[in-house]
Amino acid sequence: MNYTNTGNKETRAGFGAGLLEAGRSNTNVVALTADLNGSVKTDAFAAEFPERFINTGIAEANMINIAAGLALTGKIPFAASFAAFATGRVYDQIRQSVAYSNTNVKICGSHAGITLGEDGATHQIMEDFALMKVLPNMTVLCPCDYNQTRLATIAAAQYLGPVYIRYGRPSVPNFTHENDIFEIGKAQKLVEGTDVSIFATGHLVWEALLACKELEKQGISAEIINIHTIKPLDVAAILQSAAKTGAVVSAEEHFCNGGLGESIAQILVTNTKTPMEIVAVNDKFGQSGKPMELLEEYHLTHPYIVAAAKKVISRK
């Protein structure tokens, strides 16, 4: 396996680094936040380019509408807040001013998922994939570590059209390569396998790699594929891997309803008879706790991916 943890880092810090790099290479890149400059890591950009930074205050709907207006003037706005506020609180503005109008706005959702931790259920949004992926014209990205979040942010700046980027607060393993090619809509195969395909996204990609090691000890060959783009999905990669292994597991830090697993299941049911198991949060709000404790509490850690893989193999 070529992927090892080079040190834990925050994915939100990867966003901040990518935003700064994008801003240095393109003067049309601008950043907005709703009074969360340090938390969502737009602070380095704001310090270097104060004339291209807007703090709207605690007014997320206004932030999205300002971003849409800036996009119509040729700017490339990155509107950043906690994912719960950047999607759920401002859904009407996103639907009308960004998706329907097909404006070149990048919506940046920090502190996403159960790993937000101690802030609790009100902030731990686990339905943002569902909210964003159903919108026509919207591209949805969920990179897995610091390096990939940086690359995804740079790619979003170069992409014409609405984009939602999901990233998190906790320090997590940084294991992809800083010079990887990040292609929107193209899955990243991390490990070749023959017995089961495990499609994971975000923080659970590392858990999938840990599951792969455990399965290998048990004589099971798992193929690990990082789905960093939730929409558009890499349908060809999914079908190719499923045809090879004949069994599929998906893993995500999101509700079962409306998530990555649901999208993959739709592809499989219309094209194959491949059995599938979904590792995700089953219709239950979060709670306050340590990030890793919550992953365990909600059955999202690698032992549960291992169990799902063995279960789906038995259904071949």
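Using DSSP, restrict attention to beta bridges with both residues in segment 8-173 and report what percent are antiparallel, rounded to the nearest 5.
Bridges in segment 8-173 that DSSP calls antiparallel: roughly 15 percent.
What shape does segment 8-173 have by the C-alpha gyration tensor, where a ≥ b ≥ c are the square roots of the eigenvalues, rounded means a/c under 1.5, and otherwise prolate means a/b greater than b/c and oblate the rest?
Note, shape of segment 8-173 comes out rounded.
Where the only charges are on Cβ atoms (+1 Lys, Arg; -1 Asp, Glu), what is the dipole of the chain about its Cα centre, to the nearest 20 debye?
Magnitude of the dipole: close to 580 debye.
How high is the relative contact order of segment 188-314, in percent, with contacts defined as C-alpha pairs under 8 Å that are six or more residues apart?
Across segment 188-314, relative contact order equals 30 percent.
Return a whole-number percent for the relative contact order of segment 8-173, with Cα pairs under 8 Å and 6 or more residues apart as the contact set.
The normalised contact order for segment 8-173 reaches 31 percent.
Have a look at the DSSP beta bridges in the chain and tell me what percent are antiparallel, nearest 5.
Bridges in the chain that DSSP calls antiparallel: roughly 20 percent.
With label points built 7 Å along Cα→Cβ from the Cα atoms of THR122 and ASN137, find their separation and express it in nm.
Placing both labels 7 Å beyond Cα along the Cβ direction yields 3.3 nm.
When the dipole is taken about the Cα centre of segment 1-48, and only Lys, Arg (+1) and Asp, Glu (-1) are charged at their Cβ, what size is it in debye, to the nearest 20?
140 debye
For segment 188-314, give the share of DSSP beta bridges that are antiparallel, in percent and rounded to the nearest 5; count only bridges with both residues there.
The antiparallel fraction comes to roughly 20 percent.
Could you give the dipole magnitude of segment 8-173 about its Cα centre, charging the beta-carbon of Lys and Arg +1 and that of Asp and Glu -1, in debye to the nearest 20?
360 debye
Treating cross-link reach as a plain straight distance, find the lysines whose alpha-carbon is under 20 Å from the alpha-carbon of LYS186, omitting any fewer than eight places away in the same chain.
LYS106, LYS133, LYS231, LYS244
Tell me, what is the FRET efficiency for THR270 and LYS316 to the nearest 0.05, using R0 = 25 angstrom and their Cβ-Cβ distance as r?
0.80
With a cut-off of 8 Å between alpha carbons and a minimum separation of six or more residues, what is the relative contact order of the chain in percent?
Answer for the chain is 18 percent.
Placing +1 on the Cβ of each Lys and Arg and -1 on the Cβ of each Asp and Glu in the chain, which of TYR91, ASN147, THR194 has its Cα farthest towards the positive end of the resulting dipole?
The one lying farthest along the dipole's positive direction is THR194.
With each run of n ≥ 4 DSSP H residues scored as -39500 (n - 2.57), what mean residue ellipticity at 222 nm is computed for the chain after dividing by its residue count and rounding to the nearest 500 deg cm²/dmol?
Computed ellipticity for the chain at 222 nm equals -10500 deg cm²/dmol.
Given the Cα-Cα distance of LYS186 and GLN158 and 0.36 nm per residue of separation, how much length would full extension add, in nm?
Extra length from LYS186 to GLN158 when fully extended: 8.5 nm.
Measure up LYS213/LYS273; LYS75/LYS189; LYS41/LYS213 against 29 Å on the Cα-Cα distance and list the ones that go over.
From LYS213/LYS273; LYS75/LYS189; LYS41/LYS213, over 29 Å: LYS75/LYS189; LYS41/LYS213.
So, by mean Cβ neighbours within 10 angstrom, what's the order for 224-236, 2-14 with the highest one leading?
Descending packing order for the listed peptides: 224-236, 2-14.
Calculate, for ALA243 and ARG95, the FRET efficiency according to 1/(1 + (r/R0)^6) with r their C-beta to C-beta distance and R0 25 Å; round to the nearest 0.05.
FRET efficiency, ALA243 to ARG95: 0.10.
Read-outs throughout are calculated quantities, based only on the coordinates presented, and are distinct from any laboratory measurement. What you are looking at is a predicted structure, and each value in this text was computed from that prediction instead of being measured. Note: ideal-geometry Cβ built from the backbone for every residue, glycine included; neighbour counts use all protein chains shown.
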